[in-house]
Amino acid sequence: MIKLPLLEIDSLAVDYQTGRGRVRAVDDVSFRLEKGETLGLAGESGSGKSTLGLSIMRLVPYPGVIVNGHIKIDETDIIKLPEHEMRSIRGGKVGYIFQDPMTSLNPVKKIGAHFVELIRTHEPTTSEKEALERAKTVLKNLGILPERINDYPHQFSGGMRQRIMIGLAIALNPSLVIADEPTTALDVIVQEKILELLESLRKIYGMALILISHDLSIILERCDRIIVMYAGHMAEYTTGAELHRAPKHPYTERLLRSIPNIELSDQKLSAIPGSPPNMLNPPEGCRFWPRCPYVMEICRLKVPPLIAAEPSHLVRCFLYGEKGAKIE
Amino acid sequence: MLRLSEIVKVENLRKYFPVQKSFLEQIFARRMRYVKAVDDVTFPIKKGEIFTLAGESGCGKTTTGRLVVRLLNPTSGKIYFNDLDITELQGEKLRLLRRKMQIIFQDPYASLNPRMRIGDAVGHPLEMHGLAKGEDKEKVVLDVLEKVGLTPPQQFINLHPHQLSGGQRQRAALARSIILQPEFIVADEPVSMIDVSLRTTIIDLMLGFRKELGLTYLFITHDLAVAKYISDRIAVMYLGKIIEIGSKERLFLKPMHPYTQALMSAIPVPDPKRKRKPIELKGEVPSAINIPSGCRFHPRCPDKKETCALKEPELVEIEKDHLVACHLD
Amino acid sequence: MSEVKIKRRIFPDFVLGFSSLTSKGPSGWMVILGLIIVLALVIMTAIGPWATPYDPIKSNVGPIRAPPSPQFPMGTNHLGQDMLSRTLVGGSIMLQVSALSVLVCFFIGVPLGLFSSYVGGFFDGALSLVIDAVYAFPGLVIAIAVAAVLGPGVVNMALSIAVVYVPSYFRIVRSQVLSIKELAYTEAARATGAKWYTIISRYIFPNVIPSIVVVITVNFADAVLTAAGLTFIGLGVTYDIPDWSWDLTNGWKYLSSRAWWIISFPGLMIILLALGFTLIGEGMSELLNPKLQR
């Protein structure tokens, strides 16, 4: 019995047509996500991770446009889907948690109203009373007093607002939740609570999760598989354990060595020279070559293909030959 | 008083901000309410060390940093710099002091004047204090840009901030802060808005300048992992007070205050095999307008006792170079 | 190293900025169009005195209220003056009045705004209250009131318009200064020991300029129209200098006798002038408030 993946992305490319030129924010991204799996999208500014997350919901803002590839959710290619069908997927099958809880909620609407609108858009036969009841149940699972359903967003702290965002994302029991930097704006103790909450809800409802973050630590802690993005490309794609044990891409390797680990003493951190490329004018060939300690002649000329260096370990680097073995 | 090796000392520092009121409220309200951002903070900084103020947002660390460089004026308390009481310093004396203490800000996109070229921005302190002009100034600027790694400096000197990346802007800000050859720099979350791969570079630059220029740093951060990497001594702040302070080794080896313990347990570790046991804290950080009675942490504390709600604990030395403000047994 | 000098600022930036207008999309073209219109009218007014076929103030050069003809392409007015000649030179008063009022406003409103908001405190609060009170009045009403007190004349008209507009400059500058004051680069300047006038002149003012530019252009456009309005009710210039609004006022009286040409051409010129300034202002406003880009 072949298990069908929940999400299947194939050669995805997304461009932004800005006033100053065309930016390829996401280039040749392919991966599969199984039901209930957690995938981490790690990367820095300009890596394309947020754009990738948004494109799964077809929410890439103007002037962005999906120029190539397929996105299949439960075997349906959503790129060609008409807008009204896409709308039922958004919030219904796929939930999204935005980065900034301060501005993602409508300040003039009560929390209850947010939920009611969501539920009744997707299930129009639900009465307002029913929707409110369901909302109260969700709030209970979030650790928020159900009476607060009549409060406005500004009456909640940042951490609580983010919980409400999570609640809205999971209220309709989606199969997939995409969390885009869900804890960046929050303090570390609140961050821990939010991520734990997300994890427990995920387990209860059996949802798959795509966690997008620049914080490699939280991705390593909580994701089954990880894609490391650099300048729009997938640099490396493997399990968390494998990535930590034996990172193959020079960027990943260096990145891991530049993050302070609070449990270690006398760490020697190493820096990565240079800076992430200007996406209006990325380097020829491999986008990482100006900063790569192992750069070879071919790296400056051609973009390396994504290769399976090991069965479940893909890497985009000329250090790894076709058969997967590390060259030189 | 100051011991010889102390470059900065802060004593019973308080900063209360009056809560803004509307016109009507001002007429009818009984008493003034205050945001007690910094509430009786005392600590020394030894010459040549990196002293870190750590804590979550709202704990008062940023305000304290600004108080030390006199960008804000304290409500009460004293600040000493090299044996001199600088709390009330004004005018020309304050200006001269400013040559010796500098500050680096968190947001690289806001810390450079968008209308000034990098060379002008970095060199402006020299002009301000009449230390160098024209070609002499240019020489110093080129030299300092080279030092922070903005090479070739001749190219960067004519660029505007919007032509630089975040990491480059922060280097320019760093260059500006060292050009007067200060003795003391307050670094307010200097890397939290910078890409992860660039953080170590900036931190290494700062460490390098400590050696090369004999600098002392007051480092402010919410990231305890960075604090562990860079600090000599650390003070953890909560709701305007220092609740634990000590050498890096002691603090991380044996954190005594329940808040410190909870904070450290919540920090993610870049290792998928490691199973952390985060300590759960009830509720959230209260507002600094209504500070809880007794120990301000007591409503959330997992080890709460009866006295905690009644009496505010003092900072007590429990072992060498390690003080805690807590009613421990 | 000595080959690369630190370039001198303002002028090169200005010229570069100007030539880049063409590449900035529709807003850039708006500005260019506006500038062309304004410049054309200014040049026309400047060389007008040498280009007029007839003496603009000489009466009875032709028949009274004659419709446009090859001899008088814009017809004649009720005094037999050639409309074409009058139209060519009629902009001078309006241009003088609006330019003068902008100058006065700028040199009063901007410094007031800068100092008041930088100093803050009671002074700023009190001054803001006064300025807001003036701002609350409809512009034309104040202009009329002041003009009535001061009497006719170019300077007086400029002053009455200036009184109306100073609050706009003040408020825009003040709101900008209040936010810029809190930004890190201003704090950095303070922390380095900059004196208050250095901070205002090199850190705050240059960043306030973009918003002032927009107010200036709106000021110009409004001044033109207010000057026309004042003349219309008789509080503008009264002596016989060729002036579009004067012709407009008189032309209005003769509309009923179907002498449409007396009012139309001056009116068209006034509209064009105001339009030119407005285009510049709108275009600049869009350019200087950039939409967020990734």
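Every number in this text was worked out from the coordinates using simple rules, so none of it is lab data. Please read all numbers here as calculations on a predicted model, not as lab measurements. Using ideal geometry, Cβ is built from the backbone for each residue, glycine included, and neighbour counts are taken over all protein chains shown.
Computed from point charges on the beta carbon alone (+1 for Lys and Arg, -1 for Asp and Glu), the dipole magnitude for the range C:180-294 about its Cα centre is near 420 Debye. Among C:VAL164, C:VAL149, the order by Cβ neighbours within 10 angstrom, fewest to most, reads C:VAL149, C:VAL164.
How would C:TRP246, C:TRP29 line up from fewest to most surrounding beta-carbon atoms within 10 angstrom? Walk me through the numbers on the way to the answer.
Working: C:TRP246 22, C:TRP29 14.
Lowest count first: C:TRP29, C:TRP246.
For peptide C:191-204, the mean count of partner chain Cβ atoms within 10 Å of a residue's Cβ comes to 5. Each listed q (0.08, 0.13, 0.18, 0.19 Å⁻¹) maps to a log10 I(q)/I(0) for the range A:178-328, found by the Debye formula over equal Cα scatterers with no solvent: -0.27, -0.69, -1.17, -1.26. Projecting the Cα atoms of A:SER157, A:LEU105, A:CYS223 onto the charge dipole of chain A (Cβ charges, centred on the Cα centre) puts A:LEU105 farthest toward the positive pole.
Simple spin-label estimate for A:THR126 and B:LYS277 gives 4.0 nm between the two label positions (7 Å along the Cα-to-Cβ direction from each Cα). Averaged over peptide B:270-280, the number of partner chain Cβ atoms lying within 10 Å of each residue's Cβ comes to 6. Of the peptides B:69-79, B:99-109, B:263-273, the order by per-residue mean of other Cβ atoms within 10 Å, starting with the highest, comes out as B:99-109, B:263-273, B:69-79. If you bin all the Cα-Cα distances of the range B:9-110 at 10 Å, starting from zero, the percentages per bin are 13, 39, 31, 13, 3, 0. How fast does chain A diffuse by Stokes-Einstein, in µm²/s, taking the Kirkwood radius from C-alpha pairs at 20 °C and 1.002 mPa s? The Stokes-Einstein estimate is 102 µm²/s. For the range C:221-235, just list the computed ³J(HN,Hα) in residue order, Karplus coefficients 6.51, -1.76 and 1.60, θ = phi - 60°, integers in Hz, with x standing in for Gly and Pro. Going residue by residue, I get 4, 5, 4, 4, 5, 5, 4, 4, x, 5, 5, 4, 8, x, 9 Hz, with x marking Gly and Pro.
Within 10 Å of each Cβ in peptide A:244-252, how many partner chain Cβ atoms are there on average? Round it to a whole number, please.
1
Which of the trypsin sites (Lys or Arg not before Pro) found in the range A:1-101 are loop residues per DSSP with 16 or fewer other Cβ atoms within 10 Å of their Cβ? Those satisfying the criteria are A:LYS3, A:ARG20, A:LYS35.
How big is D for the range B:69-194, in µm² s⁻¹ as a whole number, if Stokes-Einstein is applied with the Kirkwood radius of its Cα pairs at 20 °C and 1.002 mPa s? Here the translational diffusion coefficient equals 139 µm²/s. In whole Å, what is the distance between the alpha-carbon centres of the range B:172-250 and the range A:1-80? Comparing the Cα centres of the range B:172-250 and the range A:1-80, I get a distance of 38 Å.
Provide the FRET efficiency to the nearest 0.05 for the C:TRP50-A:THR76 pair, computing r from the beta carbons and using R0 = 60 Å. Once rounded, the FRET efficiency stands at 0.20. Computed from point charges on the beta carbon alone (+1 for Lys and Arg, -1 for Asp and Glu), the dipole magnitude for the range B:240-329 about its Cα centre is near 460 Debye.
A compact globular protein would have a Cα radius of gyration near 2.2 N^0.38 Å; the ratio found for chain C is 1.20. For C:GLY80, neighbours were defined as the other residues whose beta-carbon sits under 15 Å from its Cβ, and their charges (Lys and Arg +1, Asp and Glu -1) total -1. By the rule of a C-alpha distance below 18 Å, with chain neighbours fewer than 8 residues away ignored, the aspartates and glutamates paired with B:LYS137 are B:ASP120, B:GLU127, B:GLU146, C:GLU3. Placing +1 on each Lys and Arg Cβ and -1 on each Asp and Glu Cβ, with no other charges, gives chain B a dipole about its Cα centre of roughly 500 debye. Per residue, the convex hull spanned by the Cα atoms of the protein assembly as shown amounts to 241 cubic angstrom. Comparing C:LYS58, C:LYS195, C:LYS181 in a Gaussian network model of chain C where C-alpha atoms under 10 Å apart are linked, the largest mean-square fluctuation is found at C:LYS195.
Here the calculated FRET efficiency for B:SER287 and A:LEU280, from their Cβ-Cβ distance with R0 = 60 Å, stands at 0.85, rounded to the nearest 0.05. The GNM of chain A, with springs linking C-alpha atoms under 10 angstrom apart, assigns the highest mean-square fluctuation among A:ILE111, A:ILE262, A:ILE66 to A:ILE262.
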